[in-house]
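The values are calculated or read from the model by the stated rules, or taken from the named source; none is laboratory data. The shown structure was predicted, so the numbers you read here are calculated from the model rather than taken from an experiment. Quick reminder, even Gly has a Cβ in these numbers, built from the backbone with ideal geometry, and neighbours come from all protein chains shown. Areas reflect the complete protein model, heavy atoms only, side chains present, ligands, DNA and RNA absent. Shrake-Rupley method; radii C 1.70, N 1.55, O 1.52, S 1.80 Å.
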Amino acid sequence: MSDPYLTRLSETLRSHGVDQPVVAIDLDRVEANCRAAQAAADVGLYRRLVAKSLPCLPLLDHIRGLIPSSGLMSFSEPMLSVLLQAEQETDHLIGKPLPVTSAARVLQTCPDAADRVQWLIDTPERLREYLALAETSQTSLRFSLEVDIGLHRGGLKVDQVAELARVIFAHPNARLSGLVGYEAHLAKLPGLLKSRATKASAKAFEHAVAALPEGAGYCLNTGGSLTFQSYHTPGPATEVAFGSILVKPSDFDHATTTGFQPAAFLATPVLKTMPSNPLPGLEFLPHRKTHISIFGGHFPGQPVHPDRFTYSSVFGRSSNQEVWTGRSQQAVKPGDIALIRPSQSEAVLNLFGTVLAVQEGQVIAEWPCLPN
């Protein structure tokens, strides 16, 4: 049976005149997800929004009207540069260690980035590179230390924290702003492994924080869209980060996120409908399935509308006019809007440069996206 919500969304987008691939974001669902996130996160922890997962400044503004945040977590030079120019007050915690050349370009175009950006340091070598940049630019840079607390995707070992913190404190052009411990692996581990890893991760983060010099005002960041609900005060963390869960792509379907709703869809027109379409080279065989071809294709996600259509195993994936196959009992016509639920939001919501904001069954705005 067709999902009435998806049918209405498809009809809304067709009525709006969608004639090429676009991203649609349901603001009613985003707002409900914001309320759920606010209720799930500990009141004593700051919230930091992950910009790469919500790469649209008007969308971020809309969300920040519902979730007061300590700032953004940014991951690329292009996106960071645009955000720094667009906003004068936002604090940016870099979510992955950027090459020092990227930092140098950002500082050239936006000198006050030194006060608004926490550069992520994952190795002693990278710290030396950034300290050299601070010296040559005669700028005092803020540094946050990335610590491996179990994900094993790089970062400092816990026993390296004290020494790097000492080096930063001793340097006249450096300030220690905090520490980041990411633990995306915890939500995906089964049973006993998860329990053991969760305890080990918490212990590692606690020891890393304890290794910092005494002081107040550190940004002690952890968590993600699948784990932010599990942190509480009192504890070593001062803030949690999340983003994707507010639009809930399919990679974030999890036992911890049942209270959230999918709010972002890729939408594209149906170009052709081909009932009982014969198979290439096998025209003599009866074939009861219906094929449709869509505008574009090879999008990162799964078809959800029209109902019971999926990618054709005969025609394969295509970026031009991808063919879907199904036994849908509903009439599908050229010009109808097909919907895909994306698997993730980063590098997807800004796939086409703009998003359509939908609220109360109407397209209310067309929003420009941020660069990746």
- prompt: Inside the stretch 209-224, can you point out the residues that are farther than 14 Å from residue 177 by Cα and either within 29 Å of the chain's Cα centre (by Cα) or not hydrophobic (A, V, I, L, M, F, W, C) (or both)?
  reply: 222, 223, 224
message: Whether any residue in the stretch 247-256 is surrounded by 15 or more Cβ atoms within 10 Å (Cβ to Cβ), modelled with pLDDT of 95 or more and under 17 Å from residue 320 (Cβ atoms) is what I want to check.
response: no
task: Evaluate the stretch 66-80: report whether one residue or more is over 22 Å from the mean Cα position of the chain (by Cα) and not β-branched (Val, Ile, Thr).
output: no
task: Determine which single condition residue 112 fails, assuming it passes every other condition in (1) open to solvent by 30 Å² or more (accessible area, probe 1.4 Å); (2) among the charged types (D, E, K, R); (3) under 24 Å from residue 354 (Cβ atoms).
output: (3)
- request: Output the residue which, of all residues in the stretch 357-371 that are within 18 Å of the chain's Cα centre (by Cα) and open to solvent by less than 40 Å² (accessible area, probe 1.4 Å), is nearest to residue 339 (Cα to Cα).
  value: 357
query: Among the candidates 70, 177, which residue alone is in contact with a Phe, Trp or Tyr (Cβ under 7 Å, 6 or more places away or on another chain), modelled with pLDDT of 95 or more, open to solvent by 30 Å² or more (accessible area, probe 1.4 Å) and of a type in the set (S, T, N, Q)?
result: 70
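Could you tell me whether any residue of the stretch 318-328 is at pLDDT below 90 and touching a strand residue (DSSP E or B) at 6+ places or on another chain (Cβ under 8 Å)?
yes
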- line: Of those in the stretch 278-325 that are assigned to a strand (DSSP E or B) and touching a helix residue (DSSP H, G or I) at 6+ places or on another chain (Cβ under 9 Å), the residue most open to solvent (accessible area, probe 1.4 Å) is 302
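Yes/no per residue for (1) of a type outside the set (Val, Ile, Thr); (2) in a loop (DSSP other than H, G, I, E, B); (3) surrounded by 13 or more Cβ atoms within 10 Å (Cβ to Cβ):
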site	(1), (2), (3)
139	no, yes, yes
187	yes, no, yes
197	yes, no, yes
202	yes, no, yes
207	yes, no, yes
235	yes, yes, yes
query: In the stretch 331-367, how many are of a type in the set (D, E, K, R) and not in a strand (DSSP E or B)?
result: 4
message: Quick check on my filter: what residues within the stretch 329-339 are hydrophobic (A, V, I, L, M, F, W, C) and either over 24 Å from residue 16 (Cβ atoms) or modelled with pLDDT of 95 or more (or both)?
response: 337, 338, 339
